[in-house]
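Trainee: This is the structure I want to talk about, given as structure tokens.
The values are calculated or read from the model by the stated rules, or taken from the named source; none is laboratory data. In this text the structure is predicted, and so the values were computed from the model without any measurement. Cβ placement follows ideal geometry from the backbone for every residue including glycine, while neighbour counts extend to all protein chains displayed. Surface areas here come from the heavy atoms of the whole protein model, side chains and all, with no ligands, DNA or RNA. Shrake-Rupley method; radii C 1.70, N 1.55, O 1.52, S 1.80 Å.
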Amino acid sequence: MKKIAIIGPNYPYRGGNSLFIGHLCIALQEKFELLIINYSLLYPEILFPGKTQYDKSNEVMDGIRQLKTHRILNSINPISWYNTAKKIKEFNPDLVVVDWWQPFFGPCHFGVLSLLGSSYKDRILFITENVISHESRFIDKILTKIGLAKASKFLVLSNKVQDDIKSLFPTKAIFKSELPIYDCYDNNKSLNKSELRSKFGFNNSDKVLLFFGYIRHYKGLDILIESLKILRSEDKSYKLLVAGESYENEEIYLDLISEYKLESAVHMENKFISNEDVGSYFYASDVAVLPYRSATQSGILNMAYGFNKPVVITNVGGLAEFVVEDQTGVIVNESSPDSIANGIKKFFQLNQTIDFHKNIEVYISGNSFSKIVVVFEEILH
């Protein structure tokens, strides 16, 4: 049996990266012997914009909770880098996999992989969820070059990232998959849509838009709020449900809501949504809106598909790769209030004749993550 060492965040850390690595490990463990290196420290608290880095949910996907991980890697402690490299060398894997999403980890990854020595130079695979972070600075480009310097091959999750990697490393081998469909939250189909809407202050006849996930500038919540103003100038049944922890000053968005007199049309919860509560927000809504200014791929989109929920997305980065236009969602060409408002109106018009839910079922049946083991067999060939 081939052996794979995987370096990446896992439970008890929260967020999309941890969720992806958890699903990846569950998929690979049936075919490969795994050594899963988790972090003892991910971000120093002073650098983390949220309230906690840990998943405080009462419910955690069984397979993820049961994974055996070694929490020995500290992102800022070189002694832990040495200990991590030592652990990997003792395991003697055929492949070392590193999850890459944030330039901050560049020195850490470079340190660990350098300590592995030259015998591993052809055994290093980076899974690049992003190449440069969405809100990058000059230093991020330097840290990215440092962090990815030891890669011998790459696994990408979108064409956008594939193009980015090709431009930086034209001679390196690149393999492709995509994020899994996150249907692990769809665990309470008995939830009553009418009751949920009432809890959020909405009626059955309302057109409920959902903005879900971390609130950061690049995700465009401010644009969506302006779009809501436009929509409600024509139809007061448009409502907005916002669920996610703000990594910025919440007042930016509350002031916009107040300025446009949308208080009665917006229900906003500035908090990380526990696993057991995720379904309430998706069941209560008609469509998930991703008004992003930039993107590669999005776990929120795959989470929406896990609930058979159609989406309205902006055509930025790799987002549009994962939407069948006017079949699983609506693609908007510009990250502007008018364009997004028009896209939302288009969705509700199409929804009268298009079976979005059936189309999503068909689309997700072909999700390439289901063949991730085959991809790794090819990588190890």
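Trainee: Quick one: angle between helix 106-116 and the longest Cα principal axis of the chain, in degrees between 0 and 90, rounded to 10, please.
Mentor: The helix 106-116 is inclined about 30 degrees to the chain.
Trainee: On to the next question. Which one, Gly50, Val60, Tyr82, projects farthest toward the positive side of the charge dipole computed for the stretch 1-119 from Cβ point charges (K/R +1, D/E -1)?
Mentor: Of the options given, the answer is Tyr82.
Trainee: What full-extension length gain, to one decimal in nm, is calculated for Ser258 and Leu47 as 0.36 nm per residue of separation minus the Cα-Cα distance?
Mentor: 72.9 nm
Trainee: Could I ask something else about it? Sum -39500 (n - 2.57) across every DSSP H segment of at least 4 residues in the chain, then divide by the residue count to get the 222 nm mean residue ellipticity, nearest 500. Display every interim value, and only then the final one.
Mentor: Numbers: 14 runs with 138 residues, N = 381.
Calculated at 222 nm, the ellipticity per residue is -10500 deg cm²/dmol.
Trainee: For Lys68 and Lys172, what does the FRET efficiency come to when R0 = 30 Å and r is the distance between their Cβ atoms, rounded to the nearest 0.05?
Mentor: 0.45
Trainee: Given a Förster radius of 25 Å and the C-beta distance between Ser118 and Asp183 as r, what FRET efficiency does 1/(1 + (r/R0)^6) yield to the nearest 0.05?
Mentor: My answer for the efficiency is 0.05.
Trainee: Here is a follow-up. Taking just the C-alpha trace of the stretch 221-301, give me its Rg and Dmax in Å.
Mentor: Rg and Dmax of the stretch 221-301, Cα atoms, are 13.0, 36 Å.
Trainee: Can you work out the accessible area per residue across the stretch 243-374, with the rest of the protein chains kept in place, probe 1.4 Å, in square angstrom?
Mentor: 40
Trainee: Ratio of alpha-carbon Rg to the 2.2 N^0.38 Å globular estimate for the stretch 282-339, to two decimals, please. Before the final figure, lay out each step's value.
Mentor: On the way: Rg = 10.5 Å, N = 58, 2.2 N^0.38 = 10.3 Å.
Against the compact-globule rule of thumb, the ratio is 1.02.
Trainee: Ok, one more. Please express the shape of the stretch 89-187 as an equivalent ellipsoid: the semi-axes are the square roots of 5 times the eigenvalues of the C-alpha gyration tensor, given largest first in whole angstrom. Walk me through the numbers before you get to the answer.
Mentor: Values: eigenvalues 96, 68, 41 Å².
Calculated on Cα positions only, the semi-axes equal 22, 18, 14 Å.
Trainee: Continuing with the same structure: What is the distance in Å between the Cα centroid of the stretch 255-319 and that of the stretch 18-59?
Mentor: Cα centroid of the stretch 255-319 versus Cα centroid of the stretch 18-59: 23 Å apart.
Trainee: Taking the stretch 333-381 as the region of interest, what is the percent of Cα-Cα pairs per 10 angstrom bin, listed from the shortest bin to the one with the maximum distance?
Mentor: 21, 24, 26, 18, 11, 0
Trainee: Related question: Give me the 1.4 Å probe accessible area per residue for the stretch 131-183, excluding ligands and nucleic acids, in Å². Write down the numbers at each step before the final one.
Mentor: Working: 2550 Å² over 53 residues.
That works out to 48 Å² for each residue.
Trainee: Right, next: In degrees from 0 to 90, rounded to the nearest 10, what is the angle of the helix 337-350 Cα long axis to the longest principal axis of the chain?
Mentor: 80
Trainee: Right, here's the next one. Would you mind giving the average projected area, over all directions, of the Cα convex hull of the chain in nm² with one decimal?
Mentor: 18.3
Trainee: Which three lengths, in whole Å and largest first, does the stretch 34-80 cover when its Cα atoms are put on their principal axes?
Mentor: 31, 28, 9
Trainee: Moving to a separate point now. So how do Met61, Met1, Met303, Met268 rank on accessible area, 1.4 Å probe, biggest first, that is with the largest at the start? Don't skip to the end; give the middle numbers.
Mentor: Details: Met61 70, Met1 155, Met303 15, Met268 40 Å².
Ranked from most to least accessible, the order is Met1, Met61, Met268, Met303.
Trainee: Would you work out the relative contact order for the chain, in percent, from Cα pairs under 8 angstrom that are 6 or more residues apart?
Mentor: Taking the mean separation of contacting Cα pairs over the length of the chain, I get 15 percent.
Trainee: Let me ask something else about it. Counting only heavy atoms of protein chains, what accessible area per residue, in Å², does the stretch 1-91 have with a probe of 1.4 Å?
Mentor: Solvent-accessible surface per residue comes out at 48 Å².
Trainee: If you average the alpha carbon positions of the stretch 103-180 and of the stretch 322-381, how far apart do those two centres end up, in angstrom?
Mentor: 27
Trainee: Now for a different question. Stokes-Einstein diffusion coefficient for the stretch 1-153 at 25 °C in a medium of 0.890 mPa s, Rh from the Kirkwood formula over Cα pairs: what value in µm²/s? Before the final figure, lay out each step's value.
Mentor: Working: Rh = 15.8 Å.
My calculation gives 156 µm²/s for D.
Trainee: I want to verify a result. In a Gaussian network model of the chain, Cα cutoff 10 Å, which of these has the top mean-square fluctuation: Tyr281, Tyr260, Tyr363?
Mentor: Per the Cα network of the chain with a 10 Å cutoff, Tyr260 tops the list.
Trainee: Which residue, Arg65, Arg232, Arg137, tops the fluctuation ranking in a GNM of the chain built on C-alpha contacts under 10 Å?
Mentor: Looking only at Arg65, Arg232, Arg137, the biggest GNM fluctuation is shown by Arg137.
Trainee: Report the Rg/Rh value for the stretch 3-92, based on alpha-carbon coordinates and the Kirkwood definition of Rh.
Mentor: My calculation of the ratio gives 0.97.
Trainee: How much of the pair distance distribution for the stretch 123-241 lies past 22 Å, counting alpha-carbon pairs only, in percent?
Mentor: Cα-Cα pairs in the stretch 123-241 separated by more than 22 Å: 58 percent.
Trainee: Something else about it: Would you work out which of Tyr292, Leu319, Ser258 lies farthest towards the positive end of the dipole of the stretch 251-324? Charges go on Cβ: Lys and Arg +1, Asp and Glu -1.
Mentor: Leu319
Trainee: If you take the Cα atoms of the stretch 232-381, find Rg, then find the Kirkwood Rh from the mean of 1/r over all pairs, what is Rg/Rh?
Mentor: That ratio equals 1.00.
Trainee: Springs between alpha-carbon pairs under 10 angstrom, Gaussian network model over the chain: which of Asp255, Asp206, Asp140 fluctuates most?
Mentor: Taking springs between Cα atoms under 10 Å, the residue moving most is Asp255.
Trainee: Can you flag which of Lys2/Lys172; Lys207/Lys271; Lys86/Lys121; Lys145/Lys166; Lys68/Lys89; Lys229/Lys346 are past 20 Å Cα-Cα?
Mentor: Lys2/Lys172; Lys207/Lys271
Trainee: Tell me, what % of the accessible area of the chain is carbon and sulfur with a 1.4 angstrom probe?
Mentor: About 49 percent, which is the carbon plus sulfur part of the accessible surface.
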